[in-house]
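The values are calculated or read from the model by the stated rules, or taken from the named source; none is laboratory data. Not measured: the values here are computed from a predicted model. Methodologically, a virtual Cβ is constructed for each residue, glycine included, from the backbone with ideal geometry; neighbour enumeration extends over all protein chains shown. Side chains included, ligands, DNA and RNA excluded: accessible areas come from the protein's heavy atoms. Shrake-Rupley method; radii C 1.70, N 1.55, O 1.52, S 1.80 Å.
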Amino acid sequence: MQAQGKDRFAPILNVIKLTTAGVAAGVLAAAVALPAVGGAGVSAKSAVGALDLKPEELEEPPLSERTKLVDANGKQIAQFYFENRQSVSLDKVAPIMQKALIAIEDFRFYKHGPIDIEGTARALIKNLTTGGVTQGGSSITQQYVKQVLVNAAETDEERAAATATTVSRKLNELRYAMAIEQKYTKNEILERYLNIAYFGAGAHGIQAAARRFFDKPASELSLAESATLAGAVQNPARTDPNVGPKSRALLLERRNVVLDRMAEVGAITRPEADEAKKKKLGWKDVEMPGGCEESSYPYFCLYVQNEILLNKDFGKTAEERLKLLQRGGLTIKTTIDPKMQKAAEKAIKKYVSPKDKPVAAQAMVVPGTGEIKAMAASRKFGNSKKKNEMSYNLVADAAHGGGRGFQQGSTAKVYTLTAALAEGMKFADGFPAPNGYRATGYSSFKDCKGNGVGDPSHTVNNSSEGGGGFKTLESGTWGSVNTFFMKLQQSVGLCDTVKTAKKMGLKRADGGKLGEFETFTLGINEVDPVTVANTYATLGARGKYCAPLAITEVKDRDGKVTRFKPKCEQVLDEKVADAVSAILSGVFTKGTMSGVGGIGRDAAGKTGTTDNYTAAWFAGYTPNLSSAVSIGDPRGAFSHNLIGVTIGGRYYSYVYGASISGPIWKESMISALKGVEPAKFHSADRSRFGGCSDKCAPKPKKKERDDRGDRDFDDLRDLFDRDNDRGDRGDRGRGGDNNRGWGDWNETGLVPSD
């Protein structure tokens, strides 16, 4: 019977010996189609020569590798990939995995060249006798070539050509295989194949497959697991365990075929194969998250992602940069500090619920480097409206995946104050601040093009408690007096104020030009927390502006490291910055944050509550860290203001800068800076900024002094006036602080004290 069986397949063997030099393993139709190369006695060598099979160099583009983001401590926080792959060297693959793959795909791999006539013949016979495909015909080298061609294909047409069952394609594949065998050792070829092969369930390469299927590295695969993955290579779509029970049953069946084959070729014993076949499939279904939605720090991740896509350091075109991000195998070290991030998240969670419609957002930036250490928000990132998730970056500008932001409010008054001190004003200089301020005409304010701006019919008001009287740079800032800052900006010049803000890093969140209107100082421009925190960091760094920095180091797939240094410029006189810090320090003790208090170390800051309570801010800094917190309703700040709202389970009649944003800032900064040696501000140069110049308060007559006392320091309601701008916003979005008196001191924010 055996002799008869052998005779039965003799014709087939003869055909294969003559023709398989130019055909793919198992493609009998292509073999028959090859031109005749002689009779039964013609050798394979002569057949190869007749077919003009000469080695041809194969272009091998780098494999698509996942890119991972790591925090400042080196821990992974996110990953991006076009194909889930992490290449490993052969010594990182379990030997039993190597044996399993070779046994089922090409058991004579170490004995033959690029063309294995004997192995191909045996595979054909086995497949014919079993009625299906149980053994591969192509060598591992040929399969590697095919995978390279498929991976290099950019279009559907190229992909179809790379897999076409044509004689010409198979002949080219063999030519490439011959060159590959000359170029690499057998172990190198096996390693490359294991890293390029697709195993199903979105897993490219053996390391990703081991993680995806069994939640372990390729080096720790068992016999049964190795046989499973070796079996998956042949038809990964058919045996994809992620598809369902039927596919998992097919994969289990295929695994057992591999185990039988391993025993047959002597890679394992029959008892070992039988024992392994008793095991369950063991499919773990380990998700391999990619993108920012799955990141621990999604808003920061979005910032980094967009930074790469925008930065020409990572590619000349947007397409090149996206390809590098998804396929480049980079390790990107970022600036985020887990401790500071946790501090921001914890403080926000205490005051604002993820279920609230208003949303709080916070950024932390290091003065002197621009490094972003934290980006947090009260709502989770995602696309589920049901879960109240946000699909854009709440903490950053539109260029980094954000939206339009919120009007800045009185945190913008700092730029006017800085410009005034830079132009020579002193701490005690000031102006009478009426309850209402109206520009005298279009000549009162000019933008940086010299155009007169301003609405002479528009009146900017202070609170009902007053705010009038003579205000100095100190008392006007501490009380956030709107009319005082309108007069201060008029004195300094609108353009100089705008230029100062720009030098410190201010820009609109939507990427448009800053609105240069008379109410600029009251914060009419929509901004984001990263930008505001960074402008305040300029003061913390004594006038040194540093561009926001999220990436410090990039290591490519070959281990080459590129480091990114801070991009800084001295934009303010150090002593001017020191003077601003000296005044802003008083906000915690004599101004709008006195009800909340400081953080136990040198700190400076400013509250900001916009017109009609559409948003509320607090921005502040130490020499070590700067931070800005905003709160507003992303549905539309002017149609959904912060009047009569419940946030974090607490009801607020009005939300001020010191109601929620201030306490979040305080608690997060205390936690973030725990263990950090406190740095002190440089003392203000009193010889330069102390006293007053020609804008001193007029000395009242004796009788007036008896009746009024010192108007600068006697009127507590002026001193602790809350943020206010009751002016009509109009078409230009006039904003400013809502000075509602001592209501900000009420921790519950229930009732403003009118």
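Just a few scattered comments:
- Which of THR592, THR459 is most accessible, then next, and so on - probe 1.4 Å: THR459, THR592
- Rounded to the nearest 10 Å², the accessible area of ASP573 at probe 1.4 Å: 70
- FRET E, pair ALA237, VAL286, Förster distance 25 Å, beta-carbon r, rounded to 0.05: 0.80
- On the beta carbon distance between THR317 and SER687, with R0 = 45 Å, the FRET formula returns roughly 0.20.
- Remark: for residue pairs LYS373/LYS666; LYS342/LYS666; LYS284/LYS387, the C-alpha separation exceeds 18 Å in LYS284/LYS387.
- Spin-label pair SER639/LYS75, simplified geometry with 7 Å Cα→Cβ offset, distance in nm: 4.2
- Taking all protein chains as they are arranged and a probe of 1.4 Å, the heavy atoms of LEU394 leave approximately 20 Å² accessible to solvent.
- Accessible area (Å², per residue) of region 156-230, counting only protein heavy atoms and a probe of 1.4 Å: 36
- Measuring spread by the Cα atoms of region 549-704 yields a radius of gyration and Dmax of 20.8, 83 Å.
- Where N is the number of residues in region 615-707, Cα Rg divided by 2.2 N^0.38 Å: 1.67
- For CYS696, the accessible surface of its heavy atoms amounts to roughly 50 Å² (probe 1.4 Å, protein chains only, rounded to the nearest 10).
- Just the protein heavy atoms count here, and of the accessible area of region 577-675 at 1.4 Å, carbon and sulfur take up 47 percent.
- Solvent-accessible area, 1.4 Å probe, carbon plus sulfur percent, for region 218-314: 47
- For region 668-686 and region 362-441, distance of Cα centres in Å: 21
- Solvent-accessible surface of region 527-662, taken per residue with a 1.4 Å probe and all protein chains present: 31 Å².
- Once both labels are positioned 7 Å from their Cα atoms along Cα-to-Cβ, the gap between CYS448 and ARG270 label points is 8.7 nm.
- Pair-distance distribution P(r) for region 285-426, from all Cα-Cα distances in 5 Å bins starting at 0: 2, 8, 14, 18, 18, 15, 11, 7, 4, 2, 1, 0, 0, 0 percent.
- FRET efficiency, GLU423 to VAL676 (Cβ-Cβ, R0 41 Å, nearest 0.05): 0.75
- When every Cα-Cα distance of region 338-388 is counted in 10 angstrom steps from zero, the calculated P(r) takes the values 25, 45, 24, 5, 0 percent.
- Averaged over residues, the count of other Cβ atoms within 10 Å places the peptides 402-410, 220-228 in the sequence 402-410, 220-228, highest first.
- Surface listing: TRP283, TRP617 arranged by accessible area from highest to lowest gives TRP283, TRP617, probe 1.4 Å.
- If you wrap the Cα atoms of region 300-372 in a convex hull and average its projected area over all directions, you get 6.8 nm².
- For region 588-636, projected area of the alpha-carbon convex hull averaged over all directions, nm²: 4.1
- Diagonalising the gyration tensor over the Cα atoms of region 211-293 and scaling each eigenvalue by 5 before taking the square root yields semi-axes of 25, 14, 10 Å, largest first.
- In plain terms, the chain from GLU553 to LYS246 could stretch by 105.9 nm, reckoned as 0.36 nm per residue minus the Cα-Cα distance.
- J(HN,Hα) series, region 364-375, from Karplus relation 6.51 cos²θ - 1.76 cosθ + 1.60, nearest Hz, glycine and proline x: 10, 9, 8, x, x, 10, x, 5, 7, 9, 7, 9
- Which listed pairs, of LYS99/LYS216; LYS312/LYS380; LYS75/LYS503; LYS333/LYS567, have C-alpha distances above 26 Å, in listed order: LYS312/LYS380; LYS75/LYS503
- For region 340-459, the fraction of 1.4 Å probe accessible surface lying on carbon and sulfur atoms is 52 percent.
- Ranked by solvent-accessible area (1.4 Å probe, protein heavy atoms only, all chains present), the residues TYR392, TYR193 order from largest to smallest as TYR392, TYR193.
- For LYS446, nonlocal amide neighbours, meaning residues 5 or more places apart or on other chains whose placed amide H falls under 5 Å from its own, are VAL453, LEU494, CYS495.
- In this simple spin-label model, placing a label point 7 Å from the Cα along the Cα-to-Cβ direction at both LYS357 and LYS92 gives a separation of 5.1 nm.
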